[in-house]
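The values are calculated or read from the model by the stated rules, or taken from the named source; none is laboratory data. For clarity, every value in this text was computed on a predicted model and none was experimentally measured. Virtual Cβ from ideal backbone geometry, glycine too; neighbours counted across all protein chains shown. The protein model used for the area step is the full one, side chains on, heavy atoms only, and it has no ligands, DNA or RNA in it. Shrake-Rupley method; radii C 1.70, N 1.55, O 1.52, S 1.80 Å.
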Amino acid sequence: MISPLTGTASAPVRVSYTMTNLRNRGYVTRTGVTVPVFGLYANATNTASVTLTFSDSSTQVLSVPIATPPYTATSALKTPAIDQPRTPGSVLGFDFFAIKPASQPAPVTVMDTDGNIRWVSTTPAKEAIQYTKDGFVIGDIAGKSLSTEGWDGKVTTVSLADQSFIGFHHDIGIGPAGYLIAPSSVGRPGDFLVEIRPDGTTAKTFDLLQIFSDFMRANGDDPSVFARAGFDWFHLNSAIYDPSDRSVIVSSRENFIVKIDYDTAAIKWIFGDETKYWYTFASLRSKAVTLAPGGLVPVGQHALMLQPDGQLLMFNNGNGSLQNPPGTSPGLTRSYSAITGFFIDGPRLAATPGLTMDDGQTIYSPICSSAYPSADRSMLVTYSSTASGLRIKGFDPQWRTVFDMHFSGGCSTGWNSVIVPLQDLTFGD
């Protein structure tokens, strides 16, 4: 355990290991046991303790003060502007979060809700990152490998069987066989999704250009004026797996959200702003989901997430299309961003509004960004492209602001942030 500094509100870092886990990690030798410690404050004497539990259930607590030097790396994240500090005793369902960099390679940075940096990766990252309990999966900037960096700093890397990629963009999701990754390829700026197994081999390929071209042509439309090869016509920015019907749900920032059958690549439904160019095609309209009155239709959305109740949650940016052909409709553009959820009835092509939180319609973040809830319905919201730069807020279960901080650099500093449970990590056998 690492105790909080005086005057801070975030929970202690708490990490538990079984002896078997430490042995499997190579930390148990004939001469002793090494316990990895992470989540320390920089430039402080940390109050750390190690509790040993023995086979007879007795315990012994060791006090281990750990002095750390200042964090000297160049980073806009070192000096957040705290617009509203979290107060001690405030209710919030999370205490730590990881910020994912964009544009320029930079570390994954874990902060607490007081604005302190508590961990940074040694592996450079650029957008394509997935949190796992053991640390982070990070896509190689060149698109040739995947690395997993543990909380203890150990890195394992696998080369990809397909070496044709020239980079990865946006997020990494979890599929039934591996990781859902959006690769960059020559002439394919954002309409390609692959599932890569942990050993680096390719499990599945979703060629969105081909999928939509085949569907539109089979249903009487000319796909060449919509699914335009060589253009950023789709702009894939999020993809998740839905085990309830074995499908992938993919966000196209330029157009809509689409559900695709995992095995057949058949389009199940399309959900988005019907004033956009895509809705002028009869083939695509035939799969369009109708939103019940009172809902806030997805526009330029990011960060898809399925909730336990089946609700599809997202950051609803509110920014119209940026790459639609000249003379066609870019659709709606709002003056604010929101977090919205929807219950989608695929067979009926109908959607009803679920969770909606618009922060008083006071903040607009046109690109990047994310919103992720904790188990108690607290919410971590990352407004990546506001007028003040990158802005990160924490909301309690009643969606009252608990903390509010911002950083210079906007989306390039952090395009997406996720909750990480450093207050309660357990590594079992």
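If the condition is being out of contact with any helix residue (DSSP H, G or I) (no Cβ under 9 Å at 6 or more places or on another chain) and either outside any loop (DSSP other than H, G, I, E, B) or touching a residue at least 24 places away in the same chain (Cβ under 8 Å) (or both), then region 19-41 contributes MET19, THR20, ASN21, LEU22, ARG23, ASN24, ARG25, VAL37, PHE38, GLY39, LEU40, TYR41. Those residues that are open to solvent by 30 Å² or more (accessible area, probe 1.4 Å) and either under 20 Å from GLY173 (Cα atoms) or touching a residue at least 12 places away in the same chain (Cβ under 8 Å) (or both), I need them from region 298-331; list them, please. Listed by number, the residues that qualify are MET305, LEU306, GLN307, PRO308, ASP309, GLY310, LEU322, GLN323, ASN324, THR328, SER329, PRO330.
Scanning region 2-18 for residues that are surrounded by 17 or more Cβ atoms within 10 Å (Cβ to Cβ), more than 25 Å from the chain's Cα centre (by Cα) and hydrophobic (A, V, I, L, M, F, W, C) yields a count of 1. Only a single criterion out of (1) over 19 Å from LEU92 (Cα atoms); (2) open to solvent by less than 30 Å² (accessible area, probe 1.4 Å); (3) touching a residue at least 60 places away in the same chain (Cβ under 8 Å); (4) within 19 Å of the chain's Cα centre (by Cα) is not satisfied by SER337, namely (3).
Restricting attention to region 164-183 and to residues that are surrounded by fewer than 19 Cβ atoms within 10 Å (Cβ to Cβ) and part of a strand (DSSP E or B), the residue that is modelled with the lowest pLDDT turns out to be GLY167. Is one or more of the residues making up region 106-115 surrounded by fewer than 20 Cβ atoms within 10 Å (Cβ to Cβ) and in a loop (DSSP other than H, G, I, E, B)? Looking through region 106-115, none of the residues is surrounded by fewer than 20 Cβ atoms within 10 Å (Cβ to Cβ) and in a loop (DSSP other than H, G, I, E, B). The residues of region 280-318 that are in a loop (DSSP other than H, G, I, E, B), closer than 23 Å to PHE212 by Cα and out of contact with any helix residue (DSSP H, G or I) (no Cβ under 9 Å at 6 or more places or on another chain), listed by number, are SER286, VAL289, VAL297, PRO298, VAL299, GLY300, GLN301. Scanning region 194-231 for residues that are over 24 Å from ILE138 (Cβ atoms) and of a type in the set (D, E, K, R) yields a total of 6.
Of all positions in region 45-62, none carries a residue that is open to solvent by less than 50 Å² (accessible area, probe 1.4 Å), under 29 Å from the mean Cα position of the chain (by Cα) and modelled with pLDDT of 95 or more. Scanning region 346-365 for residues that are open to solvent by 30 Å² or more (accessible area, probe 1.4 Å), in contact (Cβ under 8 Å) with a residue 12 or more places away in the chain and under 26 Å from PHE281 (Cα atoms) turns up LEU349, THR352, PRO353.
Yes/no per residue for (1) hydrophobic (A, V, I, L, M, F, W, C); (2) out of contact with any Ser or Thr (no Cβ under 7 Å at 6 or more places or on another chain); (3) open to solvent by 40 Å² or more (accessible area, probe 1.4 Å):
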residue: PHE226; (1), (2), (3): yes, yes, no
residue: SER247; (1), (2), (3): no, yes, no
residue: ASP261; (1), (2), (3): no, no, no
residue: THR264; (1), (2), (3): no, yes, yes
residue: TYR279; (1), (2), (3): no, yes, yes
residue: SER283; (1), (2), (3): no, yes, no
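Results for (1) among the β-branched types (Val, Ile, Thr); (2) in contact (Cβ under 8 Å) with a residue 60 or more places away in the chain, shown as yes or no for each residue.
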site: LEU92; (1), (2): no, yes
site: GLN104; (1), (2): no, yes
site: VAL108; (1), (2): yes, no
site: ARG118; (1), (2): no, yes
site: THR122; (1), (2): yes, no
site: GLU149; (1), (2): no, no
